[in-house]
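*Asks:* Questions regarding the structure given below will be posed in turn.
The values are calculated or read from the model by the stated rules, or taken from the named source; none is laboratory data. In this text the structure is predicted, and so the values were computed from the model without any measurement. All Cβ positions, even for glycine, are placed from backbone atoms using ideal geometry, and neighbour counts span all protein chains on display.
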Amino acid sequence: MFKKAISFLSAKLLKINDTPHKIALGAGLGIFSGIIPGTGPLAALFLAFLFRANRAAALLGSMFTNTWLSFVTFIFAIKIGSAILDMKWQDVEAKAHFLISDFSFNKLFKLSFFDAFLPIVSGYLVIGLVLGLFSYLITLLIIRRKFHGIKKIHP
């Protein structure tokens, strides 16, 4: 299934009529925005517009990672964000679970922004940046190798 999804995305990215850099940048921005919970296709399109990247590639990258990967990386985001902010990740995880289980606005207001949200968001930003940069480089390598330095895929 994963291999099939990669093949599908690769085929779609190679058919986009734009420079390899813009396509790869769009894919990287899409992966980045798809990792961060609460963002996704709209954020990917906004970032692609802002950085003049390919919007179709950004949308594809965002849809590939949106939501499902956020759940997979949740604990990593807590651990990374906690390490960055010099906090115990177990405390941050307990506060996040306190909020998530049986959500209410009372619970939301009992937690400080710095207790749970800041470490989690910081972790997701780091993960998103790393995976976005990695996907940019891989996409650029694939497109350049496939089209051997052609600036535009379809003249």
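*Asks:* I want to confirm something. Restricting to segment 72-88 and keeping residues that are within 15 Å of residue 131 (Cβ to Cβ) and part of a helix (DSSP H, G or I), which single residue is modelled with the lowest pLDDT?
*Replies:* If we take residues in segment 72-88 being within 15 Å of residue 131 (Cβ to Cβ) and part of a helix (DSSP H, G or I), then 72 is modelled with the lowest pLDDT.
*Asks:* Return a yes/no flag: does segment 6-24 have any residue that is in contact with a Pro (Cβ under 9 Å, 6 or more places away or on another chain), at pLDDT 90 or above and crowded, with 22+ Cβ neighbours inside 10 Å.
*Replies:* No.
*Asks:* Continuing with the same structure: Determine the pairs where a residue that is charged (D, E, K, R), located within segment 136-150, has a partner that is modelled with pLDDT under 75 and surrounded by 12 or more Cβ atoms within 10 Å (Cβ to Cβ) with Cβ atoms under 8 Å apart, the partner being 6 or more residues away or on another chain.
*Replies:* What qualifies is 146/14.
*Asks:* Take residue 101 and tell me if it is surrounded by fewer than 18 Cβ atoms within 10 Å (Cβ to Cβ), closer than 19 Å to residue 70 by Cβ, at pLDDT below 75 and out of contact with any His (no Cβ under 9 Å at 6 or more places or on another chain).
*Replies:* Yes, satisfied.
*Asks:* Which of the residues spanning segment 111-137 are exposed (fewer than 14 other Cβ atoms within 10 Å of the Cβ) and modelled with pLDDT under 95?
*Replies:* Across segment 111-137, the qualifying residues are 112, 113, 114.
*Asks:* Pairs please, first residue from segment 64-78 and closer than 15 Å to residue 122 by Cα and free of Cβ contacts under 8 Å to residues at least 60 places away in the same chain, second anywhere and assigned to a helix (DSSP H, G or I) and small (Gly, Ala, Ser), Cβ atoms under 7 Å, 6+ apart in sequence or on different chains.
*Replies:* Close Cβ pairs (under 7 Å, with a partner that is assigned to a helix (DSSP H, G or I) and small (Gly, Ala, Ser)) amount to 76/123; 77/123; 78/96; 78/123.
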